[in-house]
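Structure record follows, encoded as structure tokens.
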Amino acid sequence: MNQKLSDLFLEAAAKVCKEVKILKKRPHLAKLIFHDDITIYIQGRPRLNEQGARESMRDKEIAGLILESEDIHTPRSHLFFITGKKIPRTVKQLRATEEYVALQAFIAKVGWPIFLKPNKGSQGKGVMRILEKDIDVLDEQLLAYAHAGRRSIPLTQEALHGEEYRVVVAFGEILLAVHRKPFNVEGDGVSTIS
């Protein structure tokens, strides 16, 4: 659905909803609250079926905005996307882009370490924890993402400390809660893993 059609949909929604909150302007992400307090979210176009909802939630930026709108706090994030420009071929060219400067400002705000992950996806695929000393790894990964095109946009995220839980909620009910522990190997300082 093009932007004009999306704008028309939001205009119509404003007439039948108790409240319409715009969470992001381009492309639209809106929260619609109907008079019976049923709430739905639309991204760019109405996604009223199960597949559309699933696709929206696989987008980590959109999922974070939706959760924040419900006062569920998530790690601060920064989407790194080089738009309509010449794709940098070297780390030096990458570091000269406005996007890289904005990313450095984000990292200065949240501190190290950070997580680098694909914006779309699930189950921890492609997630990297990056320390300040590994900034060259970050740069090489960002360069690889830039060359992968629009289908592969990276999200950087602050690292939170503490316990991690994955909670599945549907219709206001908690269906599942799992305490997640990262893989860890402890050694004696002498023996090898093999």
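Tabulated data
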{"read-out": "Filter pass, residue 125 being among the basic types (Lys, Arg) and in contact with a Leu (Cβ under 7 Å, 6 or more places away or on another chain)", "value": "no"}
{"read-out": "Residue satisfying all of: in the range 12-35; open to solvent by 60 Å² or more (accessible area, probe 1.4 Å), within 27 Å of the chain's Cα centre (by Cα) and of a type in the set (Lys, Arg); modelled with the highest pLDDT among these", "value": "21"}
{"read-out": "Residue list for the range 65-85, restricted to those being assigned to a helix (DSSP H, G or I) and in contact with a strand residue (DSSP E or B) (Cβ under 6 Å, 6 or more places away or on another chain)", "value": "65, 66, 69"}
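The values are calculated or read from the model by the stated rules, or taken from the named source; none is laboratory data. Computed from a prediction, not measured in an experiment: that's the story for all the values here. Every residue, glycine among them, receives a Cβ derived from its backbone with ideal geometry; neighbour counts consider all protein chains shown. With ligands, DNA and RNA removed, areas are computed over all heavy atoms of the protein, side chains included. Shrake-Rupley method; radii C 1.70, N 1.55, O 1.52, S 1.80 Å.
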